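The structure appears below as structure tokens.
The values are calculated or read from the model by the stated rules, or taken from the named source; none is laboratory data. Quantities reported herein were computed from a predicted structural model and do not represent experimental measurements. In this analysis, Cβ positions are derived from the backbone assuming ideal geometry, glycine residues included, and neighbour counts consider all displayed protein chains. Heavy atoms of the whole protein, side chains included, go into the accessibility calculation; ligands, DNA and RNA do not. Shrake-Rupley method; radii C 1.70, N 1.55, O 1.52, S 1.80 Å.
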Amino acid sequence: MSQIMFWEALRRAQDEEMERDPMVICMGEDIGVAGGTYKATNGLYDKYGPERVMDTPISENGFTGLAIGASFLGVRPVVEIMSVNFAWLAMDQIFNSAAKVRYMSGGQLEAPVVIRSPGGTAHQLGAQHSARMEKVFMGIAGLRVVTPSNPRQAYGLLKSAIRCNDPVFINEHELMYNMKGDVPDDEYFMSLEGSEVARDGRDVTLFGYNISVHWALAAAEVLSKQHAIEAEVIDLYSLAPLDRAGIAASVRKTHRAVIIEEAEAPVGVGSEVMAIINEECFFELDAAPVRLSALNIPIPYAHVLEKAVMPKTDDIVKAVLKMHGRG
Amino acid sequence: MEVSVKKRLLREMLFARRFEERCYEAYVERKIGGFLHLYPGEEACAHGVLEAARPGKDYVITGYRDHIHAIKCGSDPKAVMAELFGKETGCSKGRGGSMHIFDVEHRFMGGYALVGGPFPLAAGMAKAIQMKGDDDIAICFLGDAANNQGTFHESLNMAAVWKLPVLYVCENNLYGIGTRIDRSTAVIDQYKRACGYDMPAEQVDGQDVEVVYEAAKKAVDYVRSGKGPYFLELMTYRYRGHSMSDSNAYRQKDEERVWGARDPLVILRDRLVEAGEMTLDDFKDMDTEILENIENEIIKFSEESPDPNPAEVEKYVWAENDPYVHVGANGGAA
Ligand SMILES: Cc1ncc(C[n+]2csc(CCOP(=O)(O)OP(=O)(O)O)c2C)c(N)n1
Ligand SMILES: [Mg+2]
């Protein structure tokens, strides 16, 4: 076991896969000579050269489409889109080509491409650099979406994504690349579908994914120490598909659910999880499920305004207390 | 160009340099957050082009490196700096930040953070101008690397087909972040790419503001006369990193030296000094005055301005009281 940073975990996974399989390539803006905005490809250009670690022009739809086309013929591209805000430009190729080609060719073709990209609100990056796009990607049939919340998952999910024959979108977070965590030294893979219990509890389930897992864990600590409420935290690292069985199992145990999401509420992870709870275990509920989401506005620049947008630990604690009739 | 105009341009460009350098300091002091892209080295581009146009009247749009373009269009530097400080008095009311300076009153139609985004927007504004029958034009400033977006090609084509009054200005500083132009772009001379759309185009020295002005005059006159779009490429160089998080490590020292010696401020200053129109002491006085103004007026204003009110965080998302959001019961006119 080693303590490594999130970016190092991604780098290690790509390095191992490139070493194993000459058809694995990486591409993106400033990922080669410069080593990547968040260092996820650091050193790979020197090791594998410009044919396999490609610095692309600023042509997101073009180079993503090119990667998808290459994947039709057996190349295994890992595309880095510098920020999810720029992935909007590549949506045509991701949705209309990668996600649909297996189906519309009657299974003749497949697009085993990995697209990695950081989203989220960071520090005052403004409306056009603060998108949270997981809700957009997870609504498209044919595209897998995973979102690691720690270095261990970052490595294991990227390894599996590269080997998987479906297109996989990996939703990372701008603020998490320097996060440290334990990663096994031996090679391992993570299931692309599923969820993890990040904290065991019995009184309420807090559902989070990516950065909001950490928000949920922080709130769970407060609930335990100050209110004697033991919250279970479920890490929904797979957003498409969501882990129906895992969601239902936890709600059957705790009978209460709060979903915490960094994105705006409409058409999001929270609405999906609530629908699943309704469908799978409605009669197990002791309280109406609650979602805590970002305000439904473009992200403002000013620090004081930006802070007002996201749900806070205190909001989570209050919501849980209210569910327990203690609000 | 008249001597008085040259002197004014020198002052404006020196102001621009000092303004941006002060932004750098304020960023280090954590008064400014987010991404910050500065303009030192490229001053002659915005100043030369807009001097040849009608700043404040012609519509201007650009990317994230936008402070100086806004100021040359007539924006109050205080409101620009206050925006960077995230204050309610900022030109975008603290909602936008460095990459999103907007000042519609002065027809500065905004800074946009997505590379290539403004190309079609500029063509669209030109379409509107054409429909209104005004003799305004739209001017779009973007970098060299932006020309690899599909929007560049799509927009130039439409602008040419519909003879739209738009001037595309390419500020070619040889890099898109850390990638040198020859590593990302097949055709290095950007003006040649306009040929594909049968658009008149020219490449000139972007460090000499008089050269830029002359070339821009020709371009602006052409566009304003209704003949259609024009593409102007200005060869320039940024003296700092791409943004505050960039160290410039990928650039050769020799290259930096060559371009450093072609400082647009020094070129114009020396020309005026050699012609006996001003002395180096005059220049120093000008500098002192500018620095004092920035400190005593602009920074002071920005620091003393109030933060936006968090209770108003949801303002400006929707049109206020739009009658068509809730139409009367019988569907009649609201
Ligand atoms: C669609 C999109 N892709 C990538 C980026 C990240 N990015 C910001 S600026 C930039 C380089 C642009 O270079 P250029 O057009 O030459 O302008 P310069 O910064 O040199 O003035 C890149 C890749 C972005 N903002 N938007
Ligand atoms: Mg450039």
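How about the range A:286-327: which of its residues are more than 22 Å from the chain's Cα centre (by Cα), among the aliphatic types (A, V, I, L, M) and either away from chain B (no Cβ under 14 Å) or outside any loop (DSSP other than H, G, I, E, B) (or both)?
The answer is A:Ala287, A:Ala288, A:Val304, A:Leu305, A:Ala308, A:Val317, A:Ala319, A:Val320, A:Leu321, A:Met323.
Out of curiosity, is B:Gly143 open to solvent by 20 Å² or more (accessible area, probe 1.4 Å), of a type outside the set (Val, Ile, Thr) and in contact (Cβ under 8 Å) with a residue 40 or more places away in the chain?
Values: open to solvent by 20 Å² or more (accessible area, probe 1.4 Å): yes; of a type outside the set (Val, Ile, Thr): yes; in contact (Cβ under 8 Å) with a residue 40 or more places away in the chain: yes.
Here the answer is yes, as B:Gly143 does meet what is asked.
Quick one: in the range B:215-248, of everything that is away from ligand 1 (no atom under 15 Å from the Cβ), touching a residue at least 60 places away in the same chain (Cβ under 8 Å) and open to solvent by 40 Å² or more (accessible area, probe 1.4 Å), which residue is farthest from the other protein chains (Cβ to nearest Cβ)?
B:Gly226
Under the condition of being without any contact (Cβ under 8 Å) to a residue 12 or more places away in the chain and surrounded by 10 or more Cβ atoms within 10 Å (Cβ to Cβ), which residue from the range B:306-324 is farthest from the other protein chains (Cβ to nearest Cβ)? Give the steps one after another, and end with the answer.
Narrowing the range B:306-324 to residues without any contact (Cβ under 8 Å) to a residue 12 or more places away in the chain: B:310-315, B:317-324.
Next, only the ones that are surrounded by 10 or more Cβ atoms within 10 Å (Cβ to Cβ) stay: B:310, B:312-315, B:317-318, B:323.
Working: B:Pro310: 4, B:Glu312: 8, B:Val313: 5, B:Glu314: 5, B:Lys315: 9, B:Val317: 5, B:Trp318: 10, B:Pro323: 22 Å.
Going through the qualifying residues, I end up with B:Pro323.
Name the single residue that is nearest to the chain's Cα centre (by Cα) among those in the range A:94-115 being outside any loop (DSSP other than H, G, I, E, B) and surrounded by fewer than 24 Cβ atoms within 10 Å (Cβ to Cβ).
So the first thing to find is which residues in the range A:94-115 are outside any loop (DSSP other than H, G, I, E, B), and the list is A:94-98, A:101-104, A:114-115.
When the remaining residues are screened for being surrounded by fewer than 24 Cβ atoms within 10 Å (Cβ to Cβ), the result is A:95-97, A:101-104.
Numbers: A:Phe95: 18, A:Asn96: 21, A:Ser97: 21, A:Val101: 23, A:Arg102: 23, A:Tyr103: 25, A:Met104: 27 Å.
It comes out as A:Phe95.
Given the structure, is A:Gly201 surrounded by fewer than 24 Cβ atoms within 10 Å (Cβ to Cβ) and modelled with pLDDT of 95 or more? Can you show your working first?
Working: surrounded by fewer than 24 Cβ atoms within 10 Å (Cβ to Cβ): yes; modelled with pLDDT of 95 or more: yes.
So A:Gly201 fits the description; yes.
Can you pull out the residues in the range B:152-192 that are within 12 Å of chain A (Cβ to nearest Cβ), open to solvent by 40 Å² or more (accessible area, probe 1.4 Å) and either within 13 Å of ligand 2 (Cβ to nearest atom) or under 19 Å from the mean Cα position of the chain (by Cα) (or both)? Outline the logic, then answer.
Applying the first criterion (within 12 Å of chain A (Cβ to nearest Cβ)) to the range B:152-192 yields B:152-154, B:175-187.
Still in the list and also open to solvent by 40 Å² or more (accessible area, probe 1.4 Å): B:153-154, B:177, B:180, B:182-183, B:186-187.
Correct list: B:Ile177, B:Arg180, B:Asp182, B:Arg183.
If a residue must be within 11 Å of another protein chain (Cβ to nearest Cβ) and touching a residue at least 60 places away in the same chain (Cβ under 8 Å), how many such residues does the range B:65-88 contain? Lay out the reasoning, then the answer.
Within the range B:65-88, the subset within 11 Å of another protein chain (Cβ to nearest Cβ) is B:82-88.
Now drop any that are not touching a residue at least 60 places away in the same chain (Cβ under 8 Å), which leaves B:82, B:84-88.
So the answer is 6.
Condition test on A:Gln226, is it surrounded by 20 or more Cβ atoms within 10 Å (Cβ to Cβ), out of contact with any strand residue (DSSP E or B) (no Cβ under 9 Å at 6 or more places or on another chain) and either assigned by TED's automatic domain parsing to the domain that holds A:Pro298 or modelled with pLDDT of 95 or more (or both)? Reasoning before the result, please.
Numbers: surrounded by 20 or more Cβ atoms within 10 Å (Cβ to Cβ): no; out of contact with any strand residue (DSSP E or B) (no Cβ under 9 Å at 6 or more places or on another chain): yes; either assigned by TED's automatic domain parsing to the domain that holds A:Pro298 or modelled with pLDDT of 95 or more (or both): yes.
No: the conditions fail for A:Gln226.
In the range B:105-142, how many are closer than 18 Å to B:Ala219 by Cβ and either within 11 Å of ligand 1 (Cβ to nearest atom) or assigned to a helix (DSSP H, G or I) (or both)?
10
From the list A:Ala90, A:Ala122, A:Ala127, pick out the single residue that is open to solvent by 30 Å² or more (accessible area, probe 1.4 Å), among the hydrophobic types (A, V, I, L, M, F, W, C) and within 14 Å of chain B (Cβ to nearest Cβ).
Details: A:Ala90 fails: open to solvent by 30 Å² or more (accessible area, probe 1.4 Å); A:Ala122 fails: open to solvent by 30 Å² or more (accessible area, probe 1.4 Å).
Exactly one residue qualifies, and that residue is A:Ala127.
Taking the stated definitions as given, is B:Ile267 part of a helix (DSSP H, G or I), among the β-branched types (Val, Ile, Thr), out of contact with any Lys or Arg (no Cβ under 7 Å at 6 or more places or on another chain) and open to solvent by less than 70 Å² (accessible area, probe 1.4 Å)? Steps first, please.
On the way: part of a helix (DSSP H, G or I): yes; among the β-branched types (Val, Ile, Thr): yes; out of contact with any Lys or Arg (no Cβ under 7 Å at 6 or more places or on another chain): yes; open to solvent by less than 70 Å² (accessible area, probe 1.4 Å): yes.
So B:Ile267 fits the description; yes.
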